[in-house]
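The values are calculated or read from the model by the stated rules, or taken from the named source; none is laboratory data. Predicted model, so just to flag it, every value in this text is computed and none were measured. All Cβ positions, glycine included, derive from the backbone under ideal geometry; neighbour counts span all protein chains shown.
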Amino acid sequence: MNFKTIIALCSSAIFFVSCNKNEEVAKPLGQVRLEYPQQTYLSFKENVPYTFQYSNFGKLVAGKKPNSFNIVYPRMKATIYLTYFPVQSQQDLIVQIKESESFVQEQTVKASFISPQEFYFPKKKVFGTMYELGGESAINIQFHATDSVKNFLAGSVYFKTQPKPDSLAPAVDYIKKDVKKLLETLEWKK
């Protein structure tokens, strides 16, 4: 092999290698990593028939109905809506439970799954069901709790954003811990 051939081969190799470096390559869109503070809880001490603990990351706001409140998470654009109903009779309790369950069933159009989890705290007389909804449902968590005699509390978690399950997952998981803490610490006042 002569000297001119070696130079030509090296020049060609350099040309092809340098061309690849200048090509633009499409990169996938990145998602922002969402990190939230470690949960610490405050006691809810309003003059209503129930009490519970809620995250200090949320702000407590009075709801539209009597004895109802919202826990607003401004950074997440999320709200836990709590609606209280006094139970007048067993029939009234059945109606409230059915309304809560039918509200969940209405979400089956967009939800990819609905996972019910019953809870039972007999010492505190707190019984109910929490529903986790997956997919592009308008609500991500729905729950109701009762003492089966005088009190009924319904709750829903909404995000003020387009339902995108993958990008909302960290926020939903964070708030789900708060909902579980709320239900575990829920007590009816005498």
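Some values worked out for this structure:
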| item | result |
| --- | --- |
| Residue count, region 33-71 (criterion: of a type in the set (S, T, N, Q), in contact with a Phe, Trp or Tyr (Cβ under 7 Å, 6 or more places away or on another chain) and under 19 Å from Glu187 (Cβ atoms)) | 5 |
| Residue within region 87-100 that is surrounded by 15 or more Cβ atoms within 10 Å (Cβ to Cβ) and of a type in the set (Asp, Glu) present | no |
| Tally, over region 148-172, of residues that are of a type outside the set (A, V, I, L, M, F, W, C), surrounded by 20 or more Cβ atoms within 10 Å (Cβ to Cβ) and within 13 Å of the chain's Cα centre (by Cα) | 2 |
| Of residues in region 140-173 being of a type in the set (Val, Ile, Thr) and touching a helix residue (DSSP H, G or I) at 6+ places or on another chain (Cβ under 6 Å), the one farthest from Ala78 (Cα to Cα) | Ile141 |
| Qualifying residue in region 165-186 (condition: more than 24 Å from Gln39 (Cα to Cα) and either in contact with a Ser or Thr (Cβ under 6 Å, 6 or more places away or on another chain) or touching a residue at least 24 places away in the same chain (Cβ under 8 Å) (or both)) | no |
| Any hit, region 174-187, residues being touching a His at 6+ places or on another chain (Cβ under 9 Å) and either under 30 Å from Gln91 (Cβ atoms) or at pLDDT below 95 (or both) | no |
| Selection from region 134-181 of residues that are within 18 Å of Phe85 (Cβ to Cβ) and assigned to a loop (DSSP other than H, G, I, E, B) | Asp147, Ser148, Val149, Lys150 |
| Filtered residues of region 105-133 (kept if surrounded by fewer than 15 Cβ atoms within 10 Å (Cβ to Cβ), part of a strand (DSSP E or B) and not hydrophobic (A, V, I, L, M, F, W, C)) | Ser112, Ser115, Pro116, Gln117, Glu118, Tyr120 |
| Cβ-Cβ under 9 Å pairs, at least 6 apart or on other chains, region 80-96 side in contact (Cβ under 8 Å) with a residue 24 or more places away in the chain and at negative phi, far side of a type in the set (Lys, Arg) and outside any helix (DSSP H, G or I) | Thr83/Lys64; Thr83/Lys65; Tyr84/Lys65; Phe85/Lys65; Pro86/Lys150; Val87/Lys150 |
